[in-house]
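Okay, so here's the structure we're looking at.
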Amino acid sequence: MDEDNISFVNKNNKFNFRVALLIRYKNKVLLENNNLFWNMIGGRVHFGESSLIAIKREINEELGIQIDDLKLINISENFFSWMGKKQQELLFIYEAYLDDSFDCTKKDEIKCKDCNVNFKWFDINEIESLDCRPDIIKQLVKSNSDCISHKIKYEN
């Protein structure tokens, strides 16, 4: 575990402060696969780092690109169990629209620059049939709101 991550364990409970990015290109979104489910690109926020700086760092680390035009679209509080621990996650979700100037838009599948996950472009109509976590991904893909939404999700 990276010492700089805002993540801690207390007995059988774990807290994570995370960021994610919903990347859009034309009628598609880019998702990552960790061999269990589909998720948005992102990661943990480091101590002393804003959520905006954190997502820019994560995108650079994972895709090797710089995106400056990001918009905060959702703050999610997720409560779930994972690997024998009760998890509480505070997740800031940003959105970005890419154009043809980004090389990653020219490939259907992309390998992570420095991690062990793969990314794939999906038509927005395909998203409903995928196992996406958190499940708010499906709702965000369909929405085009200028307001920041807040979601609290308890999973059994």
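Rule-based calculations on the coordinates, nothing more; no lab input. Predicted model only: the values in this text are computed from it and were never measured. Ideal geometry is used to build each Cβ from the backbone, glycine not excepted, and the neighbour counts take in all protein chains shown.
Can you report the principal axis dimensions of region 50-113 using only the alpha carbons, biggest first, rounded to whole angstrom?
Answer, in whole Å and largest first: 42, 24, 17 Å.
Give me the net charge for the shell around ASN78: Cβ to Cβ below 13 angstrom, other residues only, Lys and Arg +1, Asp and Glu -1.
Around ASN78, the charge tally is +2.
Rounded to the nearest 0.05, what FRET efficiency is calculated for GLU155 and ILE65 with R0 set to 22 Å and r the Cβ-Cβ distance?
0.10
With runs of 4+ DSSP H residues as the only contributors, calculate the mean residue ellipticity of the chain at 222 nm using -39,500 (n - 2.57) per run, divided by the residue total and rounded to the nearest 500.
Per the formula, -4000 deg cm²/dmol.
Testing the spin-label approximation: label points 7 Å from Cα along Cα→Cβ at TRP82 and PHE8. State their distance in nm.
For TRP82 paired with PHE8, the spin-label model returns 1.9 nm.
In a Debye calculation with equal point scatterers on the alpha-carbon sites of region 7-154 and no solvent, what is log10 I(q)/I(0) at q = 0.14, 0.18, 0.19, 0.20 Å⁻¹?
With no solvent term, the Cα-only Debye profile gives -0.66, -1.13, -1.27, -1.41.
Considering only lysines 8 or more places apart in sequence, or on different chains, count the pairs in region 110-156 whose C-alpha atoms sit under 29 Å apart.
13
Cysteines without a disulfide-compatible partner in the chain, using Cβ under 4.7 Å as the rule?
Lone cysteines by the Cβ rule: CYS104, CYS132, CYS147.
State the extension gain, in nm to one decimal, for the chain segment bounded by PHE15 and LEU36, taking 0.36 nm per residue of separation less the distance between their alpha-carbons.
On the way: separation 21, 0.36 × 21 = 7.56 nm, distance 2.08 nm.
Stretched out fully, the PHE15 to LEU36 stretch lengthens by 5.5 nm.
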